[in-house]
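**Student:** One structure is given below, represented as structure tokens, and several questions about it will come after.
The values are calculated or read from the model by the stated rules, or taken from the named source; none is laboratory data. Because the structure is a prediction, the values reported are computed rather than measured. Cβ placement follows ideal geometry from the backbone for every residue including glycine, while neighbour counts extend to all protein chains displayed. The area values use the complete protein model at the heavy-atom level, side chains included, leaving out ligands, DNA and RNA. Shrake-Rupley method; radii C 1.70, N 1.55, O 1.52, S 1.80 Å.
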Amino acid sequence: NNSLVGGVILSRSSERTEEMDKVSYIAILMATCNGALYLREQIDSLLCQTFTNWHLYIHDDGSIDGTRDIIDSYIQAYPAKITLLDYPTQGSACRNFFSLLETVDAPYYMFCDQDDVWLPEKIEKTFGRMQALERQFPGKPVIVHSDLMLVDEALHTLDTSFIRNQQIKLEAIKTFEDYAATNTMTGCTMLFNNQTKQCTKRPYEKAIMHDAWICLSIVSQQGIVDFIDESLIKYRQHSNNTLGAQDMSKQTLGHKLKHIRRQISDNIRHYQEMNAVKRLSAIDFLKAKLRYKRY
């Protein structure tokens, strides 16, 4: 079976993909704000996914650059696949993503940034892992996430692994206290089930970013977090990134000492976020940070 999307003929990858499509429905949640420059490439990459049983829900946070016109044009072309939600602006990417999660009810969810490009098998591969984990751990909240490929504004590869580039030590992360040391996942790589949504701690006022908050919430309740060691997104780095990859040259002791006040402030906010999800003493928090750095 072939399909035509955006002028490109797509071949369905396997009977397994078609079977997955029949039993599953994934809500893709996209938070936009002045994203006109790269938005078409991102939406096109969704339309080219080998797994097709998804619906894109977008909430725009007051764009003034033509983002809404682009969204409207895609809705006209693909009305059965894309919905623009109309409610007040939220003021930040974190609050915007949480508002989408609270508004949309679905068996499964994925977060989608406005400026990346998803590789064609991203949904199929993450959902395949999700199904296996749900069979192994029925009724459990489950998150599946993956690596990313760092690219520049023109999608030229900067590094094939975000995890390696950012020196994230996934092998050191096993308990809630370990997760207190660092955020291990990027929201745009996540696929999670409705049980995860139900277990996510509310209210969200102490959340710094939506991805870490959701992860902490389910880890605190013995949920399942699993990693696919494959880069399934082209993670675009540009001047308007909300977060993006950190410059690791700034992680030296000298740089940290120079910016000690910000380091202290960031750690206080991080601790407050942890503590809002699950009570954690300041001493245990510091021990977890030090243990992670020594690993």
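**Student:** How large is ³J(HN,Hα) for each residue in the stretch 135-152, as worked out from phi by the Karplus curve 6.51 cos²θ - 1.76 cosθ + 1.60 (θ = phi - 60°), to whole Hz, x for Gly and Pro?
**Tutor:** With the stated coefficients, the stretch 135-152 comes to 5, 6, 10, x, x, 7, x, 9, 10, 10, 9, 9, 7, 9, 9, 7, 9, 8 Hz.
**Student:** Amide H of Ile143: which non-local residues (sequence gap of 5 or more, or other chain) have their own amide H closer than 5 Å, using H built in the peptide plane?
**Tutor:** Ile224, Val225, Asp226
**Student:** With a 1.4 Å probe and all protein chains left in place, how much accessible area per residue does the stretch 84-125 have, in Å²?
**Tutor:** Value for the stretch 84-125: 38 Å² per residue.
**Student:** Still on this structure: What are the residues whose amide H is under 5 Å from the amide H of Met190, where those residues sit 5 or more places off or on another chain and H is modelled from the backbone?
**Tutor:** Answer set, sorted by chain and number: Phe111.
**Student:** Which percent of the accessible area of the stretch 129-228 is formed by carbon and sulfur heavy atoms (probe 1.4 angstrom)?
**Tutor:** 50
**Student:** Modelling each spin label as a point 7 Å along the Cα-to-Cβ direction, I'd like the Gln131/Ile64 distance in nm, to one decimal.
**Tutor:** 4.7
**Student:** Put a dot 7 Å past each Cα toward the Cβ at Tyr87 and Glu153; how far apart are the dots in nm?
**Tutor:** In this crude spin-label approximation the distance works out to 3.5 nm.
**Student:** In whole Å, how far is the Cα centre of the stretch 86-144 from that of the stretch 189-230?
**Tutor:** Centre-to-centre (Cα) distance: 10 Å.
**Student:** Students often get this wrong, so check it: of Lys81/Lys278; Lys122/Lys287; Lys140/Lys169; Lys81/Lys174, which have C-alpha atoms separated by over 29 Å?
**Tutor:** Violating the 29 Å Cα-Cα cut-off are Lys81/Lys278; Lys122/Lys287; Lys81/Lys174.
**Student:** Using a 10 Å cut-off on Cβ atoms, rank the peptides 279-292, 221-234 from the highest mean neighbour count down.
**Tutor:** 221-234, 279-292
**Student:** Farthest toward the dipole's positive end in the stretch 46-170, which of Gln167, Tyr57, Leu150, given Cβ charges of +1 (Lys, Arg) and -1 (Asp, Glu) about the Cα centre?
**Tutor:** Gln167
**Student:** Report the gain in length on full extension from Thr160 to Asn34: 0.36 nm times residue separation, minus Cα-Cα distance, nm rounded to one decimal.
**Tutor:** Length gained, Thr160 through Asn34: 42.6 nm.
**Student:** Continuing with the same structure: So who's got an amide H within less than 5 Å of the one on Leu56, skipping anything under 5 residues away but keeping other chains? H placed 1.01 Å off N, in plane.
**Tutor:** Ile28, Ile82, Thr83
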